[in-house]
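Peer 1: Let me begin by handing over the structure; questions about it come next.
No value in this document is a laboratory result; all are computed from the given coordinates. Just so it is clear, the model here is predicted, and its values are computed rather than measured. Heads up, the Cβs are rebuilt from the backbone with ideal geometry, glycines too, and the neighbour counts pull from every protein chain shown.
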Amino acid sequence: MSGTFLVNNYRQALDILKNTPAILSKAKHELGVEDDAVFETWLAQEQEYLQGLKKEPPNETLEMEYCQRLVALQASE
C-alpha cells in the first residue's frame, strides 16, 4: 500500500468531516481537539512518517501475510 494512497484517503476523510459539521463537532469533543488546525498538523505528520518509510515494517508484513493465509484457509474449508 503506497503512502500516497493512504494520504489521499486521509484527505478524503478530512473532506467528509469538513462537510459534516455535527460529526466533526462530536469527534473533536471526543478527541479533546479545540482547534481545527490540529487536523492539518496530523496530516503533515502522517505524510512525514509515510515518506520516511523505505519499506513496510517487517511486523506489518507478517501481520498481513497471516491475515491473508487465514482468509485463504477459511475459503478452502
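Peer 1: Taking the Cα centre as origin and putting +1 on Lys and Arg beta-carbons and -1 on Asp and Glu beta-carbons, what dipole magnitude results for the chain, to the nearest 20 debye?
Peer 2: 160
Peer 1: So, one more: Which one of LEU24, TYR10, THR41 is farthest out on the positive end of the charge dipole of the chain, using unit charges on Cβ (Lys, Arg +1; Asp, Glu -1) and the Cα centre as origin?
Peer 2: After comparing all options, I get TYR10.
Peer 1: Against the longest alpha carbon principal axis of the chain, how many degrees, from 0 to 90 and to the nearest 10, is the axis of helix 37-52 turned?
Peer 2: With rounding to tens, the tilt is 30 degrees.
Peer 1: Go through (i) 40, 15, 10; (ii) 32, 18, 11; (iii) 23, 15, 11 and flag the label whose value is the computed semi-axes √(5λ) of the Cα gyration tensor in Å for this structure.
Peer 2: Looking at semi-axes √(5λ) of the Cα gyration tensor in Å for this model, the match is (ii).
Peer 1: Right, another one. Give me the distance in nm between label points sitting 7 Å out from Cα along the Cα-to-Cβ direction at LEU6 and TYR66, one decimal.
Peer 2: 1.9
Peer 1: Rounded to the nearest 500, what is the chain's calculated 222 nm mean residue ellipticity when only DSSP H runs of at least 4 contribute -39500 (n - 2.57) each, over all residues?
Peer 2: That comes out to -26500 deg cm²/dmol.
Peer 1: Please give the helix 21-31 orientation as an angle from the longest Cα principal axis of the chain, in degrees from 0 to 90, rounded to the nearest 10.
Peer 2: That works out to roughly 70 degrees.
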